[in-house]
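Here's the structure, in structure tokens; my notes come after.
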Amino acid sequence: MAACCLATLTSCTVLDDTSGPCPKSSTTVRAGDLHGGYQGPNGMRFTLGYASTQYPEGRTAQVGTVRVQSWPVSLEDMDEDGPVGKGFQGEGTWEFRKEETTGGEGFRQVKLDFLHGIPEQGMPAEPQYLEIGGTPNNPELFVETDPDTCPTTVFHRGELTDGGVGAG
């Protein structure tokens, strides 16, 4: 975060089409606050369905459905132009996760697991993780690749009406 403050203002605020300051992790946003459509850079978009409580592997988890469009195989391997080619369109599940850093600082994540997509060979085989920031009324999700710089992949909630990925 310090690098963000020391760098030029432009490099810290040009995140995507709806630019804003560097996102910060939030511990106040809950699973129930996250449902809806999100837009990101380079046409990437997704919808998180309502979460319900499930009990996988002896633990309590908030889990819902996810639908994505123009999604990369790996969020960490995207280049400046986003996913290679068109990315893929698919569906799966999302899970709300409460985590801690090695220093004991709390943060929240969304874990995405994809069940099927088009094209199948372009579907991520491993779960993907998004950090949760913003507020309960205005959550944002982002890819944290380096805590000393501003994330370049940030998703803001908004109404999505085309491409089969709607809000809700």
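Listing for the model above:
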quantity	calculated
Qualifying residue in the stretch 3-19 (condition: under 22 Å from Pro136 (Cβ atoms) and at pLDDT 90 or above)	no
Residue selected from the stretch 127-140 under the condition within 14 Å of Cys22 (Cβ to Cβ) and in contact with a Phe, Trp or Tyr (Cβ under 9 Å, 6 or more places away or on another chain), by the criterion least open to solvent (accessible area, probe 1.4 Å)	Gly133
Counted residues, the stretch 122-148 - those being farther than 16 Å from Gly90 by Cβ and under 8 Å from the mean Cα position of the chain (by Cα)	7
Any hit, the stretch 119-138, residues being more than 19 Å from Pro41 (Cα to Cα), of a type outside the set (Lys, Arg), assigned to a strand (DSSP E or B) and at pLDDT below 95	no
Selected residue (only one of Glu100, Glu105 is modelled with pLDDT under 90 and out of contact with any strand residue (DSSP E or B) (no Cβ under 8 Å at 6 or more places or on another chain))	Glu105
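The values are calculated or read from the model by the stated rules, or taken from the named source; none is laboratory data. Since this is a predicted model, take the numbers as computed values, not measurements. Cβ atoms come from the backbone with ideal geometry, glycine included; neighbour counts cover every protein chain shown. Side chains included, ligands, DNA and RNA excluded: accessible areas come from the protein's heavy atoms. Shrake-Rupley method; radii C 1.70, N 1.55, O 1.52, S 1.80 Å.
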